[in-house]
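Below: the structure, in structure tokens.
The values are calculated or read from the model by the stated rules, or taken from the named source; none is laboratory data. Note that the structure is a prediction, hence the values are computed from the model and not measured. So basically every Cβ, Gly included, is an ideal-geometry build from the backbone, and we count neighbours across all protein chains shown. Ligands, DNA and RNA are stripped out before the accessible areas are found, and what is left, the full protein with its side chains, is counted by its heavy atoms. Shrake-Rupley method; radii C 1.70, N 1.55, O 1.52, S 1.80 Å.
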Amino acid sequence: MTEGLPSPPERGVYFDNNATTAVAPEVLAAMVPLLTEHYGNPSSMHRFGARAGDELARARERVAALLGAAQPAEIVFTGGGSEADNLAIVGTLRAHPDKRHLITTEVEHPAVLGLCRDLEKREGYEVTYLKVDGAGHLDLDELRGALRDDTAVVSIMMANNETGVIFDVAAAGALVRERGAVFHVDGVQAAGKLPLDLKSAPIDLFSLSGHKLHAAKGVGALYVRKGTKLRPLVVGGHQERGRRAGTENVAGIAGLGVACELAAVHIDEENTRVRALRDRLEQGLLAAIPDCQANGDPVGRLPNTTNISFRYIEGEGILLLLDRVGVAASSGSACTSGSLEPSHVLRAMGLPFTLTHGSIRFSLSRYNTEAEVDYVIGALPPIIERLRMITPFNENRATF
């Protein structure tokens, strides 16, 4: 099946950075001493613990600086983005037991959608799921109409992980604030790619994940605006000011701090060089391959993300052959990659079956190069042509 296809590059081409990123060398260098030399418990009184405590404080300052938080104390370290989302939503509901309604969107990451469905099923909460239009945008009038006196929390992502479409969370937050509900933003894909100034934004809670911005897996953070009521999910010790018990992952957190500092340094590059690479890839593929389209708002997107549908074939086949020529991409969220169901995001946008099944997400990072982009532009057209020759959909193209 691979005869006639180009030989893979030695290192491979990694265009799946919305799933996870490579750990930056500077991040790894910051983590190693905290695993081998300065391994004290940050809650201990001795010098080993004090060194670890200092690293926690420095990382908290660095994360707060990237987010534009008013003070480092507003940062709560977690075990990742999903835990941060869960702490934000469940912690708010527990802090407001008299309110039984929450609002989210149909296109959230499974970390939020799965939680909301579980809260409906197991605990009887009422959830409103906001729709999106064909470009992936929310209708703020629908949000305004959905807000109620018993709405405890509204959870909306800042940028979609599959299409990269950016939501107007400032406008949404203003509506939420008018009705007195708590506003949580899942910023996992946005942090490090978009400028942030949370101290002046109408956002109460904001999640981020370390491995989406070149830190390690298993570490994340939740921004909690001062004065926001929140009950902990993990109860026990006094860590994180009583908002998340358990000995902190000091090495991972220190790495996250460095990753945030690096992200701030490189954010202009994300919006210029990486954006130009993404556009070169997208335009090159659309020009070389018939019957395909880019999905989502063509302008209001993350600078590193493009989602392209190739009509008449399945995304899984494309990904398998891409992998054989050394290219890593995705058919959507890595957290749903085991499912054969088409993307819930593209379905919510109203795309037909023949497009949702053949969609591929390419997500770049600052470590990608122009040569890698050109390699994929050359490698993918023969793969698409070959798959279209054997797909059963090909015989019925006129009916689609």
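Here are some notes:
- From helices alone, the chain scores -12000 deg cm²/dmol at 222 nm; the rule is -39500 (n - 2.57) for each run of n ≥ 4 DSSP H residues, then divide by the residue total.
- For the chain, with +1 on Lys and Arg beta carbons and -1 on Asp and Glu, the positive-most of Val258, Ser343, Leu34 along the dipole: Leu34
- Most fluctuating residue given options Lys217, Lys121, Lys131, as computed from a GNM of the chain linking Cα atoms under 10 Å: Lys121
- FRET efficiency estimate (nearest 0.05) - Cβ-Cβ, Ala135 to Asp323, R0 30 angstrom: 0.50
- Exposure ranking of Arg94, Arg366, Arg51 by accessible area [1.4 Å probe, largest first]: Arg94, Arg51, Arg366
- Cα-based shape type of the chain, given that a ≥ b ≥ c are square roots of the gyration tensor eigenvalues and the cut on a/c is 1.5: oblate
- DSSP beta bridges confined to the chain are antiparallel in about 50 percent of cases.
- Residue-count net charge about Ser343 - beta-carbon cut-off 13 Å; Lys, Arg +1, Asp, Glu -1: -4
- Listed by chain and number, the lysines whose alpha-carbon sits under 29 Å from that of Lys217, ignoring those within fewer than 8 places in the same chain, are Lys193, Lys199, Lys226, Lys229.
- Rolling a 1.4 Å probe over the heavy atoms of the protein chains gives region 161-308 an accessible area of 36 Å² per residue.
- Using a probe radius of 1.4 angstrom, the carbon and sulfur fraction of the accessible surface of region 232-301 is 55%.
- Tilt relative to the chain, helix 110-123 - C-alpha long axis, 0 to 90 degrees, to 10: 60
- Between region 204-238 and region 121-164, the alpha-carbon center distance in angstrom: 21
- Normalised per residue, the accessible area of region 30-155 is 44 Å², obtained with a 1.4 Å probe and no contribution from ligands, DNA or RNA.
- Evaluated with a Cβ-only charge set (Lys, Arg +1; Asp, Glu -1), region 68-177 carries a dipole of roughly 260 debye about its Cα centre, given to the nearest 20.
- Alpha carbon centroid spacing (whole Å) that separates region 291-330 from region 255-279: 22
- Of all accessible heavy-atom area on region 70-217, the percent that carbon and sulfur account for (1.4 Å): 49
- Beta bridge orientation in region 102-201: antiparallel %, DSSP, nearest 5: 15
- Residues of type aspartates and glutamates that Lys131 reaches as a straight line, Cα spacing below 15 Å, ignoring anything fewer than 8 places off in the same chain: Glu106, Glu108, Asp139, Asp141, Glu142, Asp168
- Relative to the longest principal axis of the Cα atoms of the chain, the long axis of helix 250-269 lies at roughly 50 degrees.
- Measuring with a 1.4 angstrom probe and ignoring ligands and nucleic acids, Cys116 comes out at about 0 Å² accessible.
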